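Here is the structure we will look at, set down as C-alpha cells.
The values are calculated or read from the model by the stated rules, or taken from the named source; none is laboratory data. The structure displayed is predicted, hence computed values, not measured ones. Here the Cβ positions follow ideal geometry from the backbone for every residue, glycine too, while neighbour counts run over all protein chains shown.
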Amino acid sequence: MTLPWDTPGLMDRLAALCKEPLTAKVIAEMLSREFRLDVSRNAVIGRIHRHGLQLHFEPKFKPDRPKKAKPAKVVKMVKIHVDAPIAPEEAVRPAEEGALTIYQLQHNDCRWPLGRTYQRPPYLYCGKRAVFERPYCKDHCKQAYNSNYRPS
C-alpha cells in the first residue's frame, strides 16, 4: 500500500511551498490539486514538523496596539477569630442492658436501632450477639424479615 507521502516529488514540492508565505490550508489544497490526492491541512502540518521545515506565513491582521498589562489587584487579608463549636460529650450508657453507640459496636453485634429516629444522637443499638451472616440478633431477625424465620 502506498501512502500519499510516498508519491515521488511530493515532499520536494512541500519543502518549496513552505518557503513561500502560504498557510497550511492553502499548501494542502495546492498539493491535493497537483498530485490528485487528498491531503489535509493537519497532514501538511505534521509533515512540516517531522521533517524540520517551517512555514513562512505571517498573519494578515496584526494588533494595532500592544495589550496593556492589567495591574494586579491588591487583596488585603483580614484576620478573623472563630470560636470552634464544642463537641458534645458521649451519652452515658442508658438504663437498657447491652445498648451500644455506633462507636462501640463490634462485628458480631446486633445493629437494630433503639429508640426513635427523631431523637438526637448518639443513637443506640441493641448490641446482642447477631445471627451468623445477619446484622441482627435472633429476636430482631424475626421482626425484620418475617415471623417464620428460623436461624440455622
(Q) It is to be established whether one or more residues within the range 81-92 are surrounded by 14 or more Cβ atoms within 10 Å (Cβ to Cβ), modelled with pLDDT of 75 or more, under 38 Å from the mean Cα position of the chain (by Cα) and over 30 Å from ASP6 (Cα atoms). (A) no
Q | Residues (closer than 21 Å to PHE57 by Cβ and touching a residue at least 24 places away in the same chain (Cβ under 8 Å)) located in the range 6-26 | A | LEU10, MET11, LEU14, ALA15, CYS18, LYS19, GLU20, PRO21, LEU22, THR23, ALA24
